[in-house]
Amino acid sequence: MDERRLRFEAQALPHLDAALNLARWLTRSRADADDIVQDAMLRAYRAFDSVRGNEVKPWLLAIVRNCCFTWAKGARRRGHVALGEEVANDDAAFRSAEPDPEAAAIGADEGGKLVRLVEALPEEFRMALILREWEDMSYRQIAEVTGVPIGTVMSRLARARALLKTAWIDRVEGGTRHGVR
Amino acid sequence: MACDKALSVQALFDGELDATASAEIERHMVACAECDALFKDLASTRAALREHAPYYRADAALRSSVARALAKETGSRDALGAFFARTRQFWSGAISGAAGAGLAAAFVMFTVMAPVDDRLVADLTGAHLRSLMADHLIDVASSDHHTVKPWFAGHADVSPPVADFAAEGYALIGGRADYIDGRRAAVIVYRHGKHVINVFAWAGREALANETERNGYHIVAWHMDDLAFAAVSDTAVPEIEGLKRLIVGETQSGNKPPTP
Ligand SMILES: [Zn+2]
């Protein structure tokens, strides 16, 4: 058996779920996430000799992130909504993507609402949040995946959480539903 | 508007501060209502995400297409056949036919050469991973320990103590029979936040290190009576230790006479 593939199966394949979860949240599309992850795994496999064992996960997710960006550029050219477009104007984009107040008032599925809010977060904020809350990654690891300083990771996380808190928790607590606390 | 300690509060919440810095920001939070509220908001947000936002997982179709792409990249037809045979076993736990026999031979060679610890660790992480990949996490789905424990009696060589710790954040979701080091093991499956923790129990006195890390998975091992235990998860060691303490505590209290 090929040495590199054994190592890849043991060290990279265990992170396939993490790769898919990140791509799915970034693209908001299962089909696109599947395509991206398959492409990313193949790229990772080709470049696998260059990575040390304990750094495989951040390295792999960085590749997934890059593939998502490439996908977004292609989608923009094809005239679809791209994942990076809200970054420049985050708050406005976030608000515009919220469910309308009437739907919220009739209490549309609570979980679905939160998912849509996360999906509406500016993409860099969303990525930091996914890596922290879903993958339990440290600030240093998130910085590695996203290629920014740790201070930037911290402020993105803070912004993502503040946006979610304002849009979701405050509304739930202010409304007729019993609180989440 | 925001207190300039806000990012430190978040760092405390995320477990990024050392003891000195933690103590300092905790003192600040006593005096600063804004930071105190922020910490609670962070906890509420995390709880809401854990409750409502899914962890999307790769399905069988994606796993197959990734496997095919890797095999194609590696090239050789022989390798392709072996790869499918092995990945099939990897996913379903079923070994059949000539490919299975070849695999078994290769496996024996590997186990003979590997030291005990290493082989056990590989078995445990392999079984953990297989359980997540194959939709074969549980054989008996239940949060009721009264149904899980008897199930083990008929399906595994051992019948370890089973308890639900949902109130402490470790929800019992079921049980499974698996193989560790060639022996039938009972696996008690817990969900902790977004993470699955597989607790393996088998008859043995192997000297596993208390804590082991392999490929991003953590293993916490211990012994109780004549059983060896190993809790495996991708969550952090202190979280796994928490479950271990509950299980050990439950067993000790379970040895006392029942209280009415
Ligand atoms: Zn403050």
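For the reader, a short list of remarks on this structure follows.
- Residues (within 16 Å of the ligand (Cβ to nearest atom) and not assigned by TED's automatic domain parsing to the domain that holds B:A11) located in the range B:33-73: none
- Being modelled with pLDDT of 90 or more, part of a loop (DSSP other than H, G, I, E, B) and either within 16 Å of the ligand (Cβ to nearest atom) or within 8 Å of chain A (Cβ to nearest Cβ) (or both) is a property that B:R27 lacks.
- Where a residue in the range B:32-47 is of a type in the set (A, V, I, L, M, F, W, C) and its partner, wherever it lies, is more than 9 Å from the ligand (Cβ to nearest atom) and part of a loop (DSSP other than H, G, I, E, B), with Cβ under 8 Å and at least six apart: B:A47/A:V180
- Leading residue by the ranking (nearest to the other protein chains (Cβ to nearest Cβ)) among those in the range B:200-211 that are in contact with a helix residue (DSSP H, G or I) (Cβ under 7 Å, 6 or more places away or on another chain) and at pLDDT 80 or above: B:E211
- Residues being under 20 Å from A:I150 (Cβ atoms) and either of a type in the set (K, R) or more than 10 Å from the ligand (Cβ to nearest atom) (or both) - total across the range B:1-16: 9
- When we screen A:I63, A:I36 for residues that are free of Cβ contacts under 8 Å to residues at least 24 places away in the same chain and either outside the structural domain of A:E123 (by TED's automatic domain parsing) or not hydroxyl-bearing (S, T, Y) (or both), the only hit is A:I63.
Here is a yes/no grid of residues against (1) of a type in the set (K, R); (2) surrounded by fewer than 17 Cβ atoms within 10 Å (Cβ to Cβ); (3) touching a strand residue (DSSP E or B) at 6+ places or on another chain (Cβ under 8 Å):
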residue	(1), (2), (3)
B:L120	no, no, yes
B:D139	no, no, yes
B:A153	no, yes, no
B:V162	no, no, yes
B:G174	no, no, yes
B:R184	yes, yes, yes
B:G193	no, no, no
B:L208	no, no, yes
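- When B:A47, B:A79, B:A85, B:A94 are checked against the criterion of being modelled with pLDDT under 95, facing another protein chain (nearest Cβ under 8 Å) and within 30 Å of A:Y45 (Cβ to Cβ), B:A79 stands alone in meeting it.
- So B:A19, is it of a type in the set (A, V, I, L, M, F, W, C), more than 21 Å from B:A236 (Cβ to Cβ) and more than 15 Å from the ligand (Cβ to nearest atom): no
- Residue within the range B:2-18 that is in contact with a Cys (Cβ under 6 Å, 6 or more places away or on another chain) and surrounded by fewer than 19 Cβ atoms within 10 Å (Cβ to Cβ) present: yes
- In the range B:1-12, the residues that are more than 9 Å from every other protein chain (Cβ to nearest Cβ) form Cβ pairs under 9 Å with partners that are assigned to a loop (DSSP other than H, G, I, E, B) and more than 9 Å from the ligand (Cβ to nearest atom), at six or more places apart or across chains, as follows: B:S8/B:L17.
- Filtered residue count, the range A:15-53, keeping only those that are facing another protein chain (nearest Cβ under 8 Å) and more than 11 Å from B:A58 (Cα to Cα): 6
- Scope the range B:218-235; condition assigned to a strand (DSSP E or B) and buried (at least 19 other Cβ atoms within 10 Å of the Cβ); matching residues: B:H218, B:I219, B:V220, B:A221, B:L227, B:A228, B:F229, B:A230, B:A231, B:V232, B:S233
The values are calculated or read from the model by the stated rules, or taken from the named source; none is laboratory data. Keep in mind that this is a model prediction, so the values were computed, not measured. As a convention, Cβ positions derive from the backbone with ideal geometry for all residues, glycine included, and neighbour counts pool all protein chains shown.
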